[in-house]
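The values are calculated or read from the model by the stated rules, or taken from the named source; none is laboratory data. If you're wondering where the values come from, they're calculated on a predicted model, not measured in any experiment. Every residue, glycine as well, gets a Cβ built from its backbone with ideal geometry; the counts of neighbours run over all protein chains shown.
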């Protein structure tokens, strides 16, 4: 079977005419161009495949506004009657804003949510597939409820309001899955064709003497010089104290001042060839490699390169939560978005709870009905929002036409960098604050496969591939909820989750984000498919994997504006930090000025919290509503 067959199968899986896809059009653009008859309209975005995330049709108006300075003529007539509240952005923060506002104003308050994508949820993206008669559900963005014990009382109250009980994930997440199937972490080295594996989460970490011996064996098999192998053995197996002679206080000072890459080269003498094998092992978590993050950050994350320093991360301020990483719906935090939408627009689906929402079918035609107190208007890009005599005026472009609505108040729950282009009243100092940081680009890819026998045979659940564009590939999280059951054996279809972070080593992390974003814009679905094939065939081909036969569908969730920026102690004022509820924080930095309300317009998004987690979005929504009411 040829690669062309795979692309055809993938695109027709969603009922999309190949003609539109070949021209780079979204289904909605293809309809507008007459390529897809209106009666064949794709009305269920989660089932769309190919290039998703910031999909074609979602960014062109914004780019014309920001990059070309395009002006849109103000229409004479209003599109709707006046609203109590207009929310720009239908992601988690926008939906949460509507929820908090209704608690203040009552459920009959007239609220309009406007979003530029063809689906609600923002980064909380849901991907669906049908493979050999089985429905597979995956996450294409915001992944999990991380460390719920650290949530603010307002954020936790919202989860309770929509029926989420986090303790239930102890039943739904199969924490014994890897052990039952004897699956380890893998390291794929493209140039040598090796797939090495280790029981620990990090390929160079160990928990007992058997693990220590295995790490020593892995290092001995690496395609490195003997000097490099000796150095890595000292670092990871013998766990030498490479800051010996310094006090704990002095060590922490040194670790905070320099990147892990710099420290290991200076104090351990590790070569670039050896460093390259683990330099990027954190980028799927933090968005950049260890050239951008301090040795102190590595210590807090229990990086094996810091294990010999004699410092217990549990005793340090700012350490990461010890809660298990299990609070995950099959579609990630898209289920939170769906439960919020169900609360806002009851007719969209039958009665739901946190289990039934996983497989529930949503009727997207209900989102923007005139009878709804709350309406969600998709495929609409806001180009102006300002204070006027009547309250707030918002202009947006939909299907190439400019529309205009008014409301008593508004909340901007969208990408911070767009605000200066759509809020003409914003002062220069606030614009400067918003421009002080960058979103971190990343791509989440879901690959639907007919079985996972090669993974079972290889004995791995996760593959790190430092020499490849796709830095990480893994079996999707083993979560079964309600009617949705994760693959119980290797013969069943499942999803693979792959991650691409376009880092540009050697540059300031903000510049890496800018250049990485443009590299990402230049990539096509075919480019991604070729890279996916290289990694999966290369790592698993020897265990029976054949891309052309095993892959049923691919969805590429491209997020050029992905993770919200979190302050970095190597590059930012050390006093800067977010306030995310009970987890503490200084709540200082450019984001505080950047989120300042302008008249009756407040700002709410994870950018305004300087915190790239869902609680950052929820807390921002609550703060914005409290500002207005």
Do you know which of the residues in the stretch 369-391 that are more than 17 Å from residue 115 (Cβ to Cβ) and either buried (at least 22 other Cβ atoms within 10 Å of the Cβ) or touching a strand residue (DSSP E or B) at 6+ places or on another chain (Cβ under 9 Å) (or both) is modelled with the lowest pLDDT?
390
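Only one of 98, 124 is assigned to a helix (DSSP H, G or I), modelled with pLDDT of 95 or more, touching a helix residue (DSSP H, G or I) at 6+ places or on another chain (Cβ under 8 Å) and crowded, with 24+ Cβ neighbours inside 10 Å; which?
Working: 124 fails: assigned to a helix (DSSP H, G or I).
Answer to the check: 98.
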Within the stretch 217-325, helices (runs of 4 or more DSSP H) holding 3 or more residues that are within 26 Å of residue 144 (Cα to Cα)
283-286, 295-300
Restricting attention to the stretch 587-622, report how many residues are closer than 16 Å to residue 416 by Cα and surrounded by fewer than 24 Cβ atoms within 10 Å (Cβ to Cβ).
8
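Listed here are the residues, each with its yes/no results for (1) more than 30 Å from residue 98 (Cα to Cα); (2) free of Cβ contacts under 8 Å to residues at least 60 places away in the same chain.
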residue: 154; (1), (2): no, no
residue: 165; (1), (2): no, no
residue: 174; (1), (2): yes, no
residue: 178; (1), (2): yes, no
residue: 189; (1), (2): yes, no
residue: 205; (1), (2): yes, no
residue: 216; (1), (2): yes, yes
residue: 220; (1), (2): yes, yes
In the stretch 247-259, is there at least one residue being surrounded by 15 or more Cβ atoms within 10 Å (Cβ to Cβ) and within 21 Å of residue 203 (Cβ to Cβ)?
yes
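Listed here are the residues, each with its yes/no results for (1) surrounded by fewer than 21 Cβ atoms within 10 Å (Cβ to Cβ); (2) touching a residue at least 40 places away in the same chain (Cβ under 8 Å).
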residue: 278; (1), (2): no, yes
residue: 284; (1), (2): yes, yes
residue: 290; (1), (2): no, no
residue: 294; (1), (2): no, yes
residue: 301; (1), (2): yes, no
residue: 307; (1), (2): yes, yes
residue: 314; (1), (2): yes, no
residue: 324; (1), (2): yes, yes
residue: 330; (1), (2): no, yes
For the stretch 339-346, check the following and say yes or no: at least one residue is in a loop (DSSP other than H, G, I, E, B) and more than 30 Å from residue 426 (Cα to Cα).
yes
Considering the stretch 485-515 alone, what residues qualify as being in a loop (DSSP other than H, G, I, E, B) and within 21 Å of residue 468 (Cβ to Cβ)?
501, 502, 503, 504, 505, 506, 507
Is it true that residue 526 is modelled with pLDDT of 95 or more and out of contact with any strand residue (DSSP E or B) (no Cβ under 8 Å at 6 or more places or on another chain)?
yes
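Based on what the data block shows, is residue 365 surrounded by fewer than 21 Cβ atoms within 10 Å (Cβ to Cβ) and either free of Cβ contacts under 8 Å to residues at least 24 places away in the same chain or over 30 Å from residue 137 (Cα atoms) (or both)? Break it down into steps so the answer makes sense when it comes.
Details: surrounded by fewer than 21 Cβ atoms within 10 Å (Cβ to Cβ): yes; either free of Cβ contacts under 8 Å to residues at least 24 places away in the same chain or over 30 Å from residue 137 (Cα atoms) (or both): no.
Considered against the rule, which asks whether it is surrounded by fewer than 21 Cβ atoms within 10 Å (Cβ to Cβ) and either free of Cβ contacts under 8 Å to residues at least 24 places away in the same chain or over 30 Å from residue 137 (Cα atoms) (or both), residue 365 comes out as no.
In the stretch 128-159, what residues are part of a strand (DSSP E or B) and not assigned by TED's automatic domain parsing to the domain that holds residue 487? Spell out how you get there, then give the answer.
Our first condition is that a residue be part of a strand (DSSP E or B); within the stretch 128-159, this holds for 128-131, 134-139.
Result: no residue meets the conditions.
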